Amino acid sequence: MPLVPAIDALHARVRRSQLLFRVVLGTRYLFAMAFIPTGFVKLLGYRFTTISTETPIGAFFEAMYQTGAYWQFLGATQILAGLLLLVPRSATLGAVLFFPIVVNIMVITWALEFQGTVYITTMMVFAAASLLAWDWHRLRSILVATPRLADQSDWVTGLGPWWERTAWTVGLIAGLLTWFGTRQFTAPWLMASLAVAAVCALVALAGLWVSVSRDSVSVTSRC
């Protein structure tokens, strides 16, 4: 297949990008922050929404809620996928599990004609697909029989200095607790502190991303 070498070359080039590595990491974290608290809502047997059952959307969610075990199964699956994304060794499996979950959500929003939400869920599908594309080297054997020959020694596999890792950790924890707070799992008095911590982490990471982008441009211009 002549297309495969081209895909391999593009994938190897993408995997050498410091900026794209962080974009992928941020996407994984955002999925985990959004779906783990939501999954707990379902797993504990609570309703996801208070929309009136007189509407198609409200009736749909109420019907799923009334299934009981299936509702909790959905929550457990979302939690599992989110946790898998947070662990580097299992992130590929998490991406594989997340993709059908997100596609299902997109189809639901389009079928029930959610106003505005349909565009968000469509972008979520593209984000989930990008996580699969990032791990093409691990998934390609499912589609292609030829062995991979590209050198992986110059691929980006980790974050930078300790303060960057700290910023990512603080941002993840603050984001998770904030999302838990929107589901009434976090004490209200913590929300302001969490918001400040999340903003500080974002500012630190944004500064680093600008620096990484400039370095990437500089390297490209020299090449």
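The values are calculated or read from the model by the stated rules, or taken from the named source; none is laboratory data. Keep in mind it's a predicted model, so treat the numbers as computed, not measured. Backbone-built Cβ (ideal geometry, glycine too); neighbour counts: all protein chains shown. Heavy atoms of the whole protein, side chains included, go into the accessibility calculation; ligands, DNA and RNA do not. Shrake-Rupley method; radii C 1.70, N 1.55, O 1.52, S 1.80 Å.
Here are a few things to note about the model shown:
- Segment 87-97, subset modelled with pLDDT under 95 and of a type outside the set (Lys, Arg), residue nearest to Gly58 (Cα to Cα): Val87
- Candidates Gly171, Gly158 - the one that is without any contact (Cβ under 8 Å) to a residue 12 or more places away in the chain and either open to solvent by less than 80 Å² (accessible area, probe 1.4 Å) or in contact with a strand residue (DSSP E or B) (Cβ under 6 Å, 6 or more places away or on another chain) (or both): Gly158
- Yes/no for Ala128 being farther than 19 Å from Leu74 by Cα, at pLDDT 95 or above and either basic (Lys, Arg) or not in a loop (DSSP other than H, G, I, E, B) (or both): no
- Checking each residue in segment 106-118 for being in a helix (DSSP H, G or I) and surrounded by fewer than 19 Cβ atoms within 10 Å (Cβ to Cβ) picks out Val107, Ile108, Trp110, Ala111, Thr117, Val118.
- Residue within segment 2-19 that is under 21 Å from Thr109 (Cβ atoms) and not hydrophobic (A, V, I, L, M, F, W, C) present: no
- Residue that is least open to solvent (accessible area, probe 1.4 Å) [pool: residues in segment 137-155 that are in a helix (DSSP H, G or I) and touching a residue at least 40 places away in the same chain (Cβ under 8 Å)]: Arg140
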